[in-house]
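Quick notes on the structure that follows.
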Amino acid sequence: PQQRAHSPRLSTGRVQSTPTGEAVTPNPEPPTGNLELPEEEDPVEPLSQAMINDLKESFSNDFYLRWDEKQPVFVLGERITFNIGDAKLLTDAQSALKRIVDWIAPQRHYQIIVSGHTDDIAIRTPRFPSNWELSAARAASVAKFLASHGVAPHRLVIQGKSEFHPLVANTSEENRRANRRVEISLVKGERTADHL
């Protein structure tokens, strides 16, 4: 049965993934991690410590920022974004997404890649014959929201990654929940005009 997402606790943190793909069981407490920028040169100059300071009070187990090869990645967990097995965006996610839009819409030298991720449990419904369709549809729902709230559509790319890029091994329900997510990655490139 579908379950409605609960409002997240307000706390700071992020999920750590291991480069070796080893199983890591998340702690029941909010994920721990460093919200500071990497010590090397700023990977995202406009998205500075000020952005982190502005957003960190909203971070929780289901909404946090991680770094992927010096690129910022916003992570939104399934509990605040979608009902189980569905791709209709929940109201609970809209506040977090609006705050993300406020920061990324003006930064026109970033391409925005929205990736949907599932766990390893197969889905077979008339609408979603596999996790590919579900993950792509979820990414599209988030991208449409971003575009409708001020992000130039030509900057957006959607990806459905199914179960093949987990943050942690799918060895428990808690781990599977961590893997069911949408990620918004900012990739630096050429500055673009507001309209093509």
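The values are calculated or read from the model by the stated rules, or taken from the named source; none is laboratory data. Being a predicted model, the structure only gives us computed values, none of them experimental. When we count neighbours, we look across all protein chains shown, and the Cβ atoms used for this are built from the backbone with ideal geometry, even at glycine. The area values use the complete protein model at the heavy-atom level, side chains included, leaving out ligands, DNA and RNA. Shrake-Rupley method; radii C 1.70, N 1.55, O 1.52, S 1.80 Å.
Miscellaneous remarks
- Estimated distance in nm for a label pair at Asp120 and Ser58, the labels positioned 7 Å out from Cα along Cα-to-Cβ: 3.4 nm
- 23 Å Cα-Cα reach of Lys56 towards lysines, excluding residues that sit fewer than 8 places from it in its own chain: Lys70, Lys98, Lys188
- Taking label points 7 Å from Cα along the Cα-to-Cβ direction, Gln71 and Lys88 give a separation of 3.2 nm.
- Once the 1.4 Å probe is applied to the protein heavy atoms, the range 108-196 comes out at 49 Å² accessible per residue.
- Loop-resident sites, the range 80-118, for trypsin sites (Lys or Arg not before Pro), counting at most 14 other Cβ within 10 Å (DSSP): Lys88
- Virtual spin-label span in nm between Ser130 and Ala147, 7 Å along Cα→Cβ: 2.5 nm
- Of all accessible heavy-atom area on the range 113-196, the percent that carbon and sulfur account for (1.4 Å): 56 percent
- Averaging the sequence gap over all C-alpha pairs within less than 8 Å and six or more residues apart, then dividing by the number of residues, gives the range 84-196 a relative contact order of 39 percent.
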